[in-house]
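Since the structure comes first, as structure tokens, the remarks are kept for the end.
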Amino acid sequence: MGKPGQIIQDYVDRAFGRFVDLRAEGEPPLTPWTPPPAAGLARVEEHLADRYGVVVKKLTPLDCGVYRLDRGDGSSWVARVFPRARSVAAVKADAEVLRFLESHDFPSERLADDAPISEVDGHRILVTAFVAGKPPGGTAVTGKWQGDALGRLHTLPLEGAPKRAGGGWHSLSLDGGGRAADFAILFELLDDLRRIAPPTDRKHVDALVGALEATDLCEDLPQCLVHVDFGGPNLLKSPDGSFTVIDWTGSGRGPRIESVAAVLGPLPATAQKAAIAAYRQHVQPTDDELGRLEGTL
């Protein structure tokens, strides 16, 4: 085993180290919030302009590796620049999810081009249409829309849907998978963290490990197509009042009740009630699912 903390740093390098070969010698170690070097963004701009024959006016960071691409001759796009460790197969599956959703007229972001995947310096890039809007907050109106849309999502036929497991966080499980894939990585990282933590802090690491071990993954319960985080910053309300769910990276098949819990957890009580009532118009959870809701929440 390497020196304490090395597992954590190696993971950060793989997950967030975009265009690391262009970093200046002697720069401090990477963190998840370290932006790629300017030369890396210039490579992305040049690549997208050549690939799609567009004029790139500006790349604006929206999230880690996610950029708004303002074009001089058309509407804006979003470019998701993935770490090298994320395989082309995983990115192709992301595009398959968006094609599937569009075929069912689901209110998700749309692919920006018929060939939306490309690669520059080993980094796969997926381009989608930019959605104007802001997160609407946890109102009853928002909760009702979330519950209705989640119910629609959970009743889509799995035939024709991507077969990969989903529900894991794509910035943790880089090649996709469910929450079990997340937990496997977290246990390794937390073990490494325990080795470098002061003795007084190790109890907190142990408490977190215990909480993870007690979480019900519900893998034996009914499955459907799930979004990793069907709300928060991934739900946008446009100026015309319409809602759109964005960032389907890592989505796939997962436990239905786990997806419900992820939506209900952050909502205030009035929004929760509205979401539950709207969801039940489409789906009636089983007694087993309801009995295990708290364990996965």
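The values are calculated or read from the model by the stated rules, or taken from the named source; none is laboratory data. Worth saying up front: this structure is predicted, and the values here are computed from it rather than measured. Please note: Cβ atoms are built from the backbone with ideal geometry, for glycine as well, and neighbour counts cover all protein chains shown. When the accessible area is computed, the model is the full protein with side chains, heavy atoms only, and any ligands, DNA or RNA have been set aside. Shrake-Rupley method; radii C 1.70, N 1.55, O 1.52, S 1.80 Å.
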Karplus-derived 3J(HN,Hα), 6.51/-1.76/1.60, for each residue of segment 106-119, Hz, glycine and proline x: 7, x, 10, 5, 10, 5, 8, 7, 5, 10, x, 10, 9, 8
Contact order relative to length of segment 1-136, as percent, for alpha carbon pairs under 8 angstrom and 6 or more apart: 19
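How much mean residue ellipticity at 222 nm does the chain get from its helices, if each DSSP H run of length 4 or more adds -39500 (n - 2.57) and you divide by all residues, to the nearest 500 deg cm²/dmol?
Numbers: 10 runs with 116 residues, N = 297.
It comes out at -12000 deg cm²/dmol, rounded to the nearest 500.
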Share of carbon and sulfur in the accessible heavy-atom surface of segment 215-267 [1.4 Å probe, %]: 52
³J(HN,Hα), Karplus 6.51/-1.76/1.60, whole Hz, each residue of segment 59-65, x for Gly, Pro: 10, 10, x, 10, 6, 4, x
Average accessible area per residue (Å²) across the chain - probe 1.4 Å, nucleic acids and ligands excluded: 49
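First select every other residue whose beta carbon is under 13 angstrom from the beta carbon of ALA271; then total the charges, Lys and Arg +1, Asp and Glu -1.
+1
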Apportionment of accessible area to carbon and sulfur, segment 1-96, percent (1.4 Å): 54
All aspartates and glutamates inside 14 Å of LYS57 as judged from Cα atoms, apart from same-chain residues fewer than 8 positions distant: GLU45, GLU46, ASP70, ASP73
Protection proxy ranking, peptides 62-71, 245-254, average beta carbon neighbours within 10 Å, highest first: 245-254, 62-71
Relative contact order (percent, whole number), segment 154-289, Cα cutoff 8 Å, 6+ residue spacing: 30
Net charge contributed by nearby residues that have their C-beta within less than 11 Å of HIS47 (K/R +1, D/E -1): -3
Principal axis dimensions, segment 156-287 - Cα atoms, whole angstrom, descending: 52, 35, 34
Ordering of 202-208, 165-171 by burial proxy (mean other Cβ atoms within 10 Å per residue, highest first): 165-171, 202-208
Net charge of neighbours whose Cβ lies under 15 Å from the Cβ of PHE230, counting Lys and Arg as +1 and Asp and Glu as -1: +1
Share antiparallel - DSSP beta bridges, the chain, percent rounded to 5: 95
Hydrodynamic radius of segment 1-137 per Kirkwood, over alpha carbon pairs, in Å: 16.3
Mean Cα-pair separation over length for the chain, i.e. relative contact order, pairs under 8 Å, 6 or more apart, %: 20
Estimated vicinal HN-Hα couplings, Hz - segment 242-252 in sequence order (Karplus 6.51, -1.76, 1.60; Gly, Pro = x): 7, 10, 9, 9, 10, 6, 9, 4, x, 6, x
Net dipole in debye of the chain [+1 Lys, Arg Cβ; -1 Asp, Glu Cβ; about Cα centre; nearest 20]: 460
Dipole of the chain, positive end: most advanced residue of VAL56, GLY160, GLN9 [Cβ charges, Cα centre]: VAL56
Tail weight of P(r) past 16 Å, computed on alpha-carbon pairs of segment 130-205, percent: 72
Whole-Å distance, taken between Cα centres, linking segment 256-288 and segment 148-162: 15
Dipole axis of segment 74-195 (+1 Lys, Arg; -1 Asp, Glu on Cβ), positive-most option in LEU193, SER171, ALA149: LEU193
